[in-house]
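The values are calculated or read from the model by the stated rules, or taken from the named source; none is laboratory data. As the structure is a computational prediction, the values presented were derived from the model and not from experiment. Cβ: placed from backbone, ideal geometry, glycine included. Neighbour counts: every protein chain shown. All accessible areas refer to the heavy atoms of the entire protein, side chains included, with ligands and DNA or RNA removed. Shrake-Rupley method; radii C 1.70, N 1.55, O 1.52, S 1.80 Å.
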Amino acid sequence: MNKILLTFIVSILFSECNTKNNSDFKITTNSIKLNSSDTLEIQIKSTKSTKVLGSSIYIDDKLVKPPFTLLNYKLGKHVIKAEINATEDKIILEKEFTLYAKNPPELYSYKLINSYPHDKTSYTQGLEFSGDTLFESTGLRGYSKVRSLNFSNGKIINEKILNDIYFGEGLSILNNNVYQLTWQEDIGFIYDKNLASVKGSFKYDVSREGWGLCNDGQKFYKSDGSNKIWILEAENLNEVNYIEVMTNKKAINKINELEWVEGKIYANTYQFNKDAVIIINPISGAVEGVVDFSGLKKQVEQIETLNVLNGIAYNHNSKTFFVTGKNWSKLFEVVIYKANE
C-alpha cells in the first residue's frame, strides 16, 4: 500500500502520429513531466531547411494560444495538434499526452460497527440503500438477479430474476426507479422499487461494457471496465461525457462497483487493490483516497467460490458504510476514517 502514497505528479507522455510531409517538422515541449500548475511550452521546429510560415495549436481539437496552462484540464489522455503552414504545404502533427494527478491520495481505514448475514450464493455486483432498504444486484449468467433486502437479517423483500442470457452488474436508484446494468449484453434495465416488472431499458453508447453505476441525484456515473467513468443524463441515459481515473503512475482500469457519497465516488476495483476502495474526484478523475479494507475477507466463510471485495453502500440514516463481496457470507457495517487521525 505504501507505494501508492508516492508524490503524485503530472506526466506528459508523447507519441507522435506521422502524416504526409511532416518529417521536416517536430513538436517540442519544455518537459515530459509537468505538474498541473505548470505551463506547457509548445514549439514547432523544422528539422531541415523548410521554413515555418505560421502555425495553429489545438489541444483536444480546441484552438489554444500561449501560455498553455494545464490547470483546467481533466486527467487522462489529451492530444496536441499543430497545423503548420510551410511553403505551399499544410502539415499536421499530433502528439498525445497523459495527465496524471498532482497530489497524493490520503490513506483511510475503517472501524467495524457490526456484521449481518449475507447470501453467500450472491455474486454481488451492485449495492445501494433507499432509506433503510438495501438493494443488491448480482451477476453470473443463470444466477443474476436484483433484490431488495432487510439488511439486518438478510431476508428478501422483493426479487426479480434475470433471463439466463444476462450477466447482472451494478445498480443505482433514482426517482423511485431502480437501474441495473448488464455486463456484455449492451443493455440496462429499469424497475420500480417493488421490482415487479421491467419498466424500460436503455442501450450503452460508446462505453464498451456495464460494470458499476451510481448517481448524484442529477446524473448517473457508469464504469465499463476501462479507466473511464461515463457521465449519463438521468432522463435518457445518454452518455454525455467521461472522466478518466488516474493515479500518479498509471490509469486505474477495471473500476467496478460505484457509490456516490458527499460529492465523491467510492469505487471497488480489480486492478488497484482487491482489498481496497478508492475515492475519486468526479470532476477531475483523481484518486484522492484509498480505503484499506484488508482483513474483512478473513471474517467470512471460506468457501470455494469466495471472491473479491465488491459492493459498497452508504446509509444516509446511520451515516455508515456497508460493504461485502462476491459470495461473501457477511455484510459489514463500518465507519471510514483517515488513517493518520
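When region 102-119 is filtered for residues that are more than 17 Å from TYR266 (Cβ to Cβ) and modelled with pLDDT under 95, the ones remaining, listed by number, are LYS102, ASN103, PRO104.
If only one of ALA101, ALA86 is open to solvent by less than 60 Å² (accessible area, probe 1.4 Å), within 23 Å of MET246 (Cα to Cα) and of a type in the set (Gly, Ala, Ser), which one is it? Outline the logic, then answer.
On the way: ALA86 fails: within 23 Å of MET246 (Cα to Cα).
Exactly one residue qualifies, and that residue is ALA101.
In region 306-326, is there at least one residue being outside any loop (DSSP other than H, G, I, E, B) and among the basic types (Lys, Arg)? Checking region 306-326: not a single residue is outside any loop (DSSP other than H, G, I, E, B) and among the basic types (Lys, Arg).
Can you work out which of the residues in region 155-171 that are part of a loop (DSSP other than H, G, I, E, B) and either at pLDDT below 95 or touching a Gly at 6+ places or on another chain (Cβ under 6 Å) (or both) is surrounded by the fewest Cβ atoms within 10 Å (Cβ to Cβ)?
Residue satisfying both the conditions and the ranking: ASP164.
You will find that of LEU213, LEU232, the residue that is aliphatic (A, V, I, L, M), closer than 14 Å to GLY139 by Cβ and open to solvent by less than 40 Å² (accessible area, probe 1.4 Å) is LEU213 and no other. Go through region 290-319 and give me each residue that's open to solvent by 10 Å² or more (accessible area, probe 1.4 Å) and polar (S, T, N, Q). SER294, GLN299, GLN302, THR305, ASN307, ASN317, SER318 - these are the residues of region 290-319 that are open to solvent by 10 Å² or more (accessible area, probe 1.4 Å) and polar (S, T, N, Q).
Quick check, is LEU174 within 26 Å of SER226 (Cα to Cα) and surrounded by 16 or more Cβ atoms within 10 Å (Cβ to Cβ)? Yes; evaluated as a whole, the condition is true for this residue. Does region 129-142 contain any residue that is farther than 30 Å from ILE42 by Cα and of a type in the set (Lys, Arg)? Yes: one or more hits. Elements of the type strands (runs of 3 or more DSSP E) sitting completely within region 175-256 and holding at least 1 residues that are in contact (Cβ under 8 Å) with a residue 40 or more places away in the chain: these cover 177-182, 187-192, 213-215, 219-223, 228-233, 239-244.
From the list VAL335, VAL287, pick out the single residue that is touching a helix residue (DSSP H, G or I) at 6+ places or on another chain (Cβ under 9 Å) and either open to solvent by 20 Å² or more (accessible area, probe 1.4 Å) or within 21 Å of LYS77 (Cα to Cα) (or both).
VAL287
At pLDDT 95 or above, aliphatic (A, V, I, L, M) and in a strand (DSSP E or B) - does that describe any residue in region 269-276? No, that holds for no residue.
Criterion first (crowded, with 23+ Cβ neighbours inside 10 Å, within 22 Å of the chain's Cα centre (by Cα) and at pLDDT below 95) does GLY139 satisfy it? Steps first, answer last, please.
On the way: crowded, with 23+ Cβ neighbours inside 10 Å: yes; within 22 Å of the chain's Cα centre (by Cα): yes; at pLDDT below 95: yes.
So GLY139 fits the description; yes.
The set of residues in region 39-67 that are at pLDDT below 70 and out of contact with any strand residue (DSSP E or B) (no Cβ under 7 Å at 6 or more places or on another chain) contains only SER49. If you go through region 187-210 and pick out every residue that is within 18 Å of the chain's Cα centre (by Cα) and open to solvent by 50 Å² or more (accessible area, probe 1.4 Å), you end up with 3.
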